[in-house]
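Accompanying notes for the structure given below.
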């Protein structure tokens with residue numbers, strides 16, 4: 001696993017060189033270098049800390065890659081309507097552009113889960129974070145939350161100017177109640193039981209990944225720019241500061257999506 005970690009570090013270093021010294025066409029392809037490198041480095045750290053890691057579970061890892069592509073294309077569909085970001089300097093050939101998208105989008109879920117595993121390992125020796133009951137245990141509550149999530153998921157298509165933000169919340173409230181009904185891990189069920197451990201782990205993982213997504217994007221040749229309709233405010237790299245807070249809820253959405261499609265039982 002140390003070899004994979006070293007390989008990951010090498011990919012990140014190569015990506016940094018190509019970001020600051022533009023050598024075309026190679027500088028168009030730095031995103032996969034950064035994020036497969038990131039996954040390999042964190043996987044090596046997770047294996048060292050826990051004796052297990054995502055890549056050591058190849059069936060799970062290789063299922064995660066294509067489903068991550070499907071997952072991110074859901075947000076690309078949202079963006080066709082809300083138009084909150086655009087890509088510049090993409091490969092001119094359609095096949096190359098599509099290949100770059102697929103290879104890049106495949107890293108989203110693995111990167112978040114590798115980060116969450118590392119965060120969990122670093123705080124795992126601590127007692128689970130618990131608070132008093134957050135959600136009353138009513139019979140129909142999760143059904144109401146599901147309907148709320150469905151509404152949030154549809155609003156960006158109906159009123160994109162005002163509800164573009166709900167694309168980063170709706171899927172969580174839509175999918176997490178389904179997970180609970182199917183007997184799978186559920187953040188909402190954790191809240192009902194007063195357990196915030198998973199919530200904290202994935203929120204932290206979301207903001208760590210968000211930082212590196214924006215950090216590596218900022219100097220890249222092929223990159224995305226934001227066109228979010230928000231007032232002028234400080235930016236974190238290309239991202240308006242207010243928008244950066246969406247990375248945490250996005251990580252909770254990712255947890256809900258992967259839990260649903262992977263079929264893991266509680």
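The values are calculated or read from the model by the stated rules, or taken from the named source; none is laboratory data. Remember, it's a predicted structure, so these values are computed and weren't measured experimentally. Counting neighbours? That spans all protein chains shown, and the Cβs are built from the backbone with ideal geometry, glycine included.
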Task: Lone qualifier among 88, 21 - being within 16 Å of residue 216 (Cα to Cα) and touching a strand residue (DSSP E or B) at 6+ places or on another chain (Cβ under 9 Å) - done: 88
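Here is a yes/no grid of residues against (1) under 18 Å from residue 160 (Cα atoms); (2) outside any loop (DSSP other than H, G, I, E, B); (3) within 14 Å of the chain's Cα centre (by Cα):
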position	(1), (2), (3)
64	no, yes, yes
67	no, yes, yes
70	no, yes, yes
76	yes, yes, yes
80	yes, yes, no
87	no, yes, no
95	no, yes, no
98	no, yes, no
104	no, yes, yes
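So, residue 219, is that one closer than 29 Å to residue 14 by Cα and surrounded by fewer than 17 Cβ atoms within 10 Å (Cβ to Cβ) or not?
On the way: closer than 29 Å to residue 14 by Cα: yes; surrounded by fewer than 17 Cβ atoms within 10 Å (Cβ to Cβ): yes.
Here the answer is yes, as residue 219 does meet what is asked.
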Task: Residue that is farthest from residue 76 (Cα to Cα), among those in the stretch 224-252 that are surrounded by fewer than 18 Cβ atoms within 10 Å (Cβ to Cβ) and touching a residue at least 60 places away in the same chain (Cβ under 8 Å) - done: 229
TODO: Could you list, in sequence order, all residues of the stretch 153-199 that are assigned to a loop (DSSP other than H, G, I, E, B) and more than 19 Å from residue 251 (Cβ to Cβ)?
DONE: 159, 182, 183, 193, 194
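Of the residues 33, 40, which is without any contact (Cβ under 8 Å) to a residue 24 or more places away in the chain, part of a helix (DSSP H, G or I) and surrounded by 21 or more Cβ atoms within 10 Å (Cβ to Cβ)? Write out each step before concluding.
Numbers: 40 fails: without any contact (Cβ under 8 Å) to a residue 24 or more places away in the chain.
Exactly one residue qualifies, and that residue is 33.
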Task: Contacts under 7 angstrom Cβ, first residue in the stretch 65-83 being closer than 17 Å to residue 156 by Cα, partner part of a loop (DSSP other than H, G, I, E, B) and modelled with pLDDT under 95, 6 or more apart - done: 83/227
Task: Enumeration of residues in the stretch 141-172 that are touching a residue at least 24 places away in the same chain (Cβ under 8 Å) and surrounded by fewer than 18 Cβ atoms within 10 Å (Cβ to Cβ) - done: 143, 148, 150, 157, 161
